[in-house]
Structures are given as C-alpha cells and as structure tokens.
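The values are calculated or read from the model by the stated rules, or taken from the named source; none is laboratory data. A quick note: this is a predicted structure, and the numbers were derived from the prediction, not measured. With ideal geometry, Cβ positions are generated from the backbone for all residues, glycine too; neighbour counts draw on all protein chains shown. With ligands, DNA and RNA removed, areas are computed over all heavy atoms of the protein, side chains included. Shrake-Rupley method; radii C 1.70, N 1.55, O 1.52, S 1.80 Å.
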Amino acid sequence: MALVPQTGPSYCMRSEVVHCKTGQSAVVNMTNNMEASKIKETRTWLSSLSRSRTKTKHILSPDSVGVGCKQRHQVIVAASPPTEDAVVATEPLTREDLIGYLASGCKPKEKWRIGTEHEKFGFEFRTLRPMRYEQISELLYGVSERFGWDKIMEGDNIIGLKQGKQSISLEPGGQFELSGAPLETLHQTCAEVNSHLYQVKAVAEEMGIGFLGIGFQPKWAIKDIPIMPKGRYEIMRNYMPKVGSLGLDMMFRTCTVQVNLDFSSETDMIRKFRVGLALQPIATALFANSPFVEGKPSGYLSMRSQIWTDTDNNRTGMLPFVFDGSFGFEQYVDYALDVPMYFVYRKKKYIDCTGMSFRDFIAGKLPSLPGELPNFNDWENHLTTIFPEVRLKRYLEMRGADGGPWRRLCALPAFWVGILYDEVSLQNALDIIADWTLEERQMLRNKVPKTGLKTPFRDGLLKHVAEDVLKLAKDGLERRGFKETGFLNAVAEVVRTGVTPAEKLLEMYHGPWGQCVDPVFEELLY
C-alpha cells in the first residue's frame, strides 16, 4: 500500500497500516476488533516494503494502533496514561520526526470524527464536600464491575477506566473526566454522554455521591480538595506555584468540556486552528458557567477561563504565531520544543524534568536523564502538557469552554463541528476574522471571562458577532445532513438574549437562593 501525499504545501501523508523497518521485529498491540483481513493486508504490505528502497519516513496513522515505525527506527506510540517505555531507538528522534508525527494526523474528510471530553465535580450529597480518593476508587471499581470497563492502575491505585476507545480518568482534584471515542455524528456523541452519565450515576447514587456540571468549584477552597495519587500531578503541583499564581486553582478547581476535531492537510489544519483561536472567546462566553469562588461571586462569569491567564504563560494563551504567514506543523513543533517539560515516564515512574527543554532531550542533554533519548511516547506526553486555547496534536482540541449540564455537553461539539467541518461555514468564519488584529483577539480573551457576550467589540458587542457565528454553525450542521441542529438549542437562547449561563446563576444567587451558593449543587446536578 503506497503512501499518498496530500496535494499542496503540506506535510500530511495518509496511511492505513502500521509501518515497520525491514528486518526488525514490530511490537504491535492489535485491538480485539481488528479484522484478520487487516492483519493479512499489513503483512503483505510489510513484505512489499522490504523490497522497497524508498527513503520516505513512515509515521503512525491515527487509525493505526500500537506501533509506528520508520526506517532504522522502531517506536511505540501510546495513548495517555503512558505505557511502559518498551522502545529502544536505534537513532535519535529528529525535529523532522516530530513534524511528521503531527502531520500523520491528516485524514480524508470521510474519516473525520468527533471526540468529546468533559469533566465534572463529584461531591457528597450530605456534606457537599468533594469526593475523597477512597470514594473515587470505590466508584471506579463499581463502574468497572457493573458495566464492563477495564481498570487503569498506577501502582496499587486505580486511576481510570477504559472501554473500547472511551476512557475515564481523574484530574488532579478528583474531577471525573470522560474522554469519548471518535464518533461520526453528534447523535452518537450525545448518546455516549448520556450512557456515561447513566452508568456513573447508577453507582454513585448508591454511595451518596452526585456530580456537578460547572466550570469552577463553587464552594470549597484548595485546602479542601483531595489530592489524587498520580505521579504526574505531584510534579505539576510542586512546579505550578513557580510559574504562576493560579496554577493550583487550574489543577484542583476547574472543569471543562472540549471537542477534538480532525483536519485533512496542513492547510486545512491552519485554517481551522486560526478560526478556533479567534472564535474561542465566543465559545468561552456562550458556555460561561463558573461565577462563584468559595461560596461567593468572583466578579467573573468564567472563573475557569480567568484562571488560565495566570497559570503558566509559557504554555497557555492565544498563540499569535498561528496567524503568521509561515505557520504550519513545523512552527508548532518549534514552539512545543521550547515549552518547558514536566516529566518523563520511565520504569513505571514519573521523573521530574520541570523547566527543562525537549529540545535538549532530543539532543541527549536532558539534565534529569543525561544521555537518554526520547521516543514518540515522550513527545506525545509532552504535547499533553501544553495548554493553549486551541491545542494541536494529531487533531485539534477546542479548549475554551466551561463544564456544564448535559445539554451543553452536546452543544459544544455541535458548535465547533458546524463551523469547522463544513467548508462553506469555515470559509465564512475565516472571512469574519480576516481583519481582526492581534490586539483585538487578545482583548477578547482578556475581557470575555468577566463581561461575556456584553464585551464591547468594534462598533457593537461580542453578542452581535456570536449571532453571525452561531448561524454559521447551524448552517454547517444542516449541510452535513445528519439533522444535528437541535443540539445548538442549548446555546441559541444565550446568543439571542446575550445572557450567559453564569449570569443566570448569579440571578438565582442574588434572588431565590438568598446569597447562598449551596443550591447550585442541585441546580447543576447531573
């Protein structure tokens, strides 16, 4: 099977099978549902590759599982949490390899999928206190046994579950996260969300536990939040206060919903990245749902979004270079190489590499691991520790929205799919943002957490831009032909009135709730 380069100025290549170096055994972790014919096809292709003299580098396709190998270089590409580092590189990774890794995410449009992730706060019904790890452990074991999920362990501690292409993981303060499977339609996405919430609720209610859909912990201080027994979080917890004043708040007291979307080529990635970044403040406003801190209004509609402005500016923000004419996979790699590292995972342990450079790592000059060279596991793990408003891996992550009730969990992917997966809407969105300046984009990022859709923009309000953008999303969904526009209903009223979910919560707080935040645990209970 030949590699098919994308046309135009793109690094992207498509590949349907794993690729391995001639004469070198491959470590392949095939999924259970991989058809025998696929395995036969792979073997046939590998046999033909052994007779090939091509110098093309073969990088793992996102559809492949287990191993991606290039000539003279065998690697395992793992999902998070990290797998064992069972890779011995026969030559150092190069910058070109890292660029090729990102480029390997390119997919033809018929293979584009929707991956939704959402976090939520668990709490005790009786006390409204956050779940302790012991309760979380009991819940994870219960969901595993009742609904057939595989356990993910770190040492003796259960830290997550996996079932097919879905996983459940724990954020630093015990926030429960579902990382959904890549799905074709928003109907499937919403069904997945509903199934997950049903399963978790079925076990949690028996324990006196509920889940809250909000963007920032509304009642409890950091000292009240339990710490999860995960090695990477201990490293981050020690590092965060050195680089920003709100990093621990980000770790322990925030929840988000995000959608992960595909691209077909480098050019397609660039267009989507730019639209995603420029319009991210609109998503932040539409889904603003975190107005409380420690039982009182914080002065922000999205405290979660505000937290990111002083978490660690080396790895967050609006990435102005994405709008430069030279931007592409190569420039993102150069950015990521210089984002300070957190850790390297070796022999079932996280090694503290905070503040060190992946650029030094690929040169074998990492102070914590002198002479050690990285593999693609290390690169993938490093990419997960970068937190801009839109993040590039082998797909794009839209990261600007607060967590919220289940209807808005379905609305967030609907909003972005309608804009980014339809060519007409994508181009119209590019036209809208074409003359926005760096200063205007940053102004929106800075002001929206406080003023939402009422943020002044040019001759009007951000609400007026949101009206146009929501229409693009709706039109794009209609052209997809899956009858998905109903999923936008949860945000249509927000755009029409200009009143964000957070402002409605504040109205109740100052009205029927009698300036007590406790009723929010019932109002936003899943």
Subject >> Amide proton proximity set for E372, modelled H, under 5 Å, gap of 5+ >> reply: L366
**OP:** Please give every one of the aspartates and glutamates within straight-line cross-link reach of K454, meaning a C-alpha to C-alpha distance under 14 Å, and leave out same-chain neighbours fewer than 8 residues apart.
**Re:** E467, E503
Original post:
What residues have an amide H closer than 5 Å to that of K219, excluding those fewer than 5 places away on the same chain, when H is modeled at 1.01 Å from N in the peptide plane?
Top reply: E294, G295
**OP:** Provide the solvent-accessible area of I227, counting protein heavy atoms only and rolling a 1.4 Å probe, rounded to the nearest 10 Å².
**Re:** 90 Å²
Original post:
Tell me, what is the 1.4 Å probe accessible area of K450, in Å² to the nearest 10?
Top reply: 110 Å²
Original post:
Rank L438, L261, L246 by accessible area, highest first, at a 1.4 Å probe radius?
Top reply: L438, L246, L261
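Ranked by accessible surface with a 1.4 Å probe, highest first, in what order do F323, F287 come? Mind showing how you got there, number by number?
Working: F323 55, F287 0 Å².
Accessible-area ranking of F323, F287, largest first: F323, F287.
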**OP:** Would you mind telling me the share, in percent, of accessible area of segment 310-447 contributed by carbon and sulfur at probe 1.4 angstrom?
**Re:** 49 percent
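For segment 194-307, report the accessible area per residue in Å² (1.4 Å probe, heavy atoms, rounded to an integer). Walk me through the numbers before you get to the answer.
On the way: 3180 Å² over 114 residues.
Counting only protein heavy atoms, the per-residue value for segment 194-307 is 28 Å².
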Subject >> Probe 1.4 Å - accessible area at D338, Å² to nearest ten >> reply: 90 Å²
Original post:
Among all the lysines, which ones have a C-alpha under 30 Å from K365's C-alpha, if same-chain residues fewer than 8 places away are not counted?
Top reply: K21, K55, K57, K70, K230, K242, K347, K348, K349, K393
Original post:
For segment 170-247, what does the alpha-carbon gyration tensor say about shape, rounded, prolate or oblate, given a ≥ b ≥ c as the root eigenvalues, a/c under 1.5 as rounded, and a/b over b/c as prolate?
Top reply: prolate
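Pop the C-beta distance of D518 and N238 into the FRET formula with R0 = 41 Å and round what comes out to the nearest 0.05. All intermediate terms of the calculation are to be shown ahead of the outcome.
Working: r = 33 Å, r/R0 = 0.81.
Result of the calculation: an efficiency of 0.80.
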Subject >> Surface per residue (accessible, 1.4 Å probe) for segment 334-478, Å² >> reply: 37 Å²
Original post:
Counting only protein chains, not ligands or nucleic acids, how are M251, M153 ordered by accessible area (probe 1.4 Å), most first?
Top reply: M153, M251
**OP:** When a/c is below 1.5 the answer is rounded, else prolate if a/b is larger than b/c, else oblate, so apply that to segment 302-423 with a ≥ b ≥ c taken from the square roots of the Cα gyration tensor eigenvalues.
**Re:** prolate
